[in-house]
1. Looking at the range 84-106 only, could you name the residues that are among the hydroxyl-bearing types (Ser, Thr, Tyr) and either surrounded by 23 or more Cβ atoms within 10 Å (Cβ to Cβ) or not assigned by TED's automatic domain parsing to the domain that holds residue 46 (or both)?
2. Step by step: first the residues of the range 2-28, then only those that are of a type in the set (Gly, Ala, Ser) and in a strand (DSSP E or B), then the one that is surrounded by the fewest Cβ atoms within 10 Å (Cβ to Cβ). Which residue is that?
3. If you scan the range 89-135, which residues turn out to be within 20 Å of residue 19 (Cβ to Cβ) and of a type in the set (Gly, Ala, Ser)?
4. Please list, ordered by residue number, the helices (runs of 4 or more DSSP H) wholly in the range 242-356 having 1 or more residues that are surrounded by 12 or more Cβ atoms within 10 Å (Cβ to Cβ), at pLDDT 95 or above and assigned by TED's automatic domain parsing to the domain that holds residue 124.
5. Go through 81, 36 for me and flag whichever is among the β-branched types (Val, Ile, Thr), in the same structural domain as residue 192 (by TED's automatic domain parsing) and exposed (fewer than 15 other Cβ atoms within 10 Å of the Cβ).
6. Which of the following residues is modelled with pLDDT under 95 and part of a helix (DSSP H, G or I): 78, 54, 50, 31?
7. Can you tell me which residues in the range 113-133 are part of a loop (DSSP other than H, G, I, E, B) and either among the acidic types (Asp, Glu) or closer than 16 Å to residue 208 by Cβ (or both)?
8. Among what's in the range 171-219 and is assigned to a helix (DSSP H, G or I), in contact (Cβ under 8 Å) with a residue 60 or more places away in the chain and of a type outside the set (Asp, Glu), pick the residue that is surrounded by the fewest Cβ atoms within 10 Å (Cβ to Cβ).
Amino acid sequence: MKLLSIIVPAYNMEAYLPQCVESILRAPSLAAVEIVVVNDGSKDRTLRIARQYAERYADTVRVIDKPNGNYGSTINAALKVVQGEYVKILDADDRFEGSRVAEFLAFLKKMQGVDMVVTPFIEVDKRREHRVEYNIYGKKIYEYGKSYDAEKVFAYGAIRFFAMHGVCYRTELLRKMNYRQSEGVSYTDQEWVFFPLFRVRTIAFADIPLYRYNVAREGQTMDVKVQMRSLAQLVAVTEGMARYFVASSRGVRSSVRIAFLRNIVADRVKIVFRKYLLVMSDAAFAKSDFEMVYVRLMQLVAQCRIEKFAVPVNNLLKVDLLRRWQRRGKRHSATARCLLSAADSAMSTIHALIFR
């Protein structure tokens, strides 16, 4: 049995897949690793490249070739066949810090049995790179190499959410809960760091920045322009998360866990509203279906029992973007939105300079 399975979703990634796979293959402990490349109906040379690696590293690399079904379908396909005790996702346009793979494997072996392992990760853009911590304000909260009761992590409040790049799960946990991501839409990485939290019992933190997240690639789903074009998909995933919370929270006795998960849903809804009420152009907003989206999301907010719901620009700038819409049926003016966006950007920059 392998110790770690790495799922590599790939769609038209011929330019990036080699450096992604090779960042793992450079590790000295390949016998413990399984790489499952899932070709999602690519139209370029992605499948050919993946198969070449599978031929050269038959004991390590496996390839799944399937029709295009978007991100979630690749994860679902891979989870059916992975053999590792733990499983982690590595997007094909990203890579691991090759020198840290063996260290991460040693950590997993030491912490065998823990449900979830959380690490920092590195964001890389064209000009710089920086380490993204899971702690708050740069303050170390949790000891490395220690298993924590998930309830205590949720209760403490230092972490509001987890990022896909920094999490690794025990495979059996996902299989027992019949984990499945939504298919046919983007942004389902949010489900990867939400659905399992209903079942995670233990969490360990490792000071191993393994994942190198490429934020510089033009056209990736986190690009603001792409997000605005794909807003309906972001809405769909958010609605799905809210419905999952309503259905799954009935079987959860812990009020601490429910409060933590409810806050994640609330934050996702706020992100959608900010896109419509702050980021979207006047022309696009006039053609949008925001009124229907607003009704659906507010119904889910009520069903999730999210109280005192507001949509501030950010955690410091408490201007409620939703209040004006609720009172007047209008957004803030273009000038006001420009000023609010500038203030938001400035605060984010200052925060990054101080705490990163």
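1. At the first step, the residues of the range 84-106 found to be among the hydroxyl-bearing types (Ser, Thr, Tyr) are 86, 99.
Listed by number, the list holds a single entry, 86.
2. Initially, the range 2-28 is screened for residues of a type in the set (Gly, Ala, Ser), giving 5, 10, 15, 23, 27.
Next, only the ones that are in a strand (DSSP E or B) stay: 5, 10.
On the way: 5: 23, 10: 26.
Top of the filtered list is 5.
3. Within the range 89-135, 92, 98, 99, 102 qualify.
4. Working: elements: 255-274, 282-287, 290-303, 321-328, 334-355.
Per the criteria, no element qualifies.
5. Selected residue: 81, the only one of 81, 36 that is among the β-branched types (Val, Ile, Thr), in the same structural domain as residue 192 (by TED's automatic domain parsing) and exposed (fewer than 15 other Cβ atoms within 10 Å of the Cβ).
6. Details: 78 fails: modelled with pLDDT under 95; 54 fails: modelled with pLDDT under 95; 50 fails: modelled with pLDDT under 95.
Of 78, 54, 50, 31, the one residue that is modelled with pLDDT under 95 and part of a helix (DSSP H, G or I) is 31.
7. Here is the first cut: in the range 113-133, the ones part of a loop (DSSP other than H, G, I, E, B) are 113-115, 119-120, 125-128, 133.
Matches in the range 113-133: 114, 115, 119, 120, 125, 133.
8. 175
The values are calculated or read from the model by the stated rules, or taken from the named source; none is laboratory data. Quantities reported herein were computed from a predicted structural model and do not represent experimental measurements. Cβ coordinates were reconstructed from backbone atoms using ideal geometry, including for glycine residues, and neighbour counts include every protein chain displayed.
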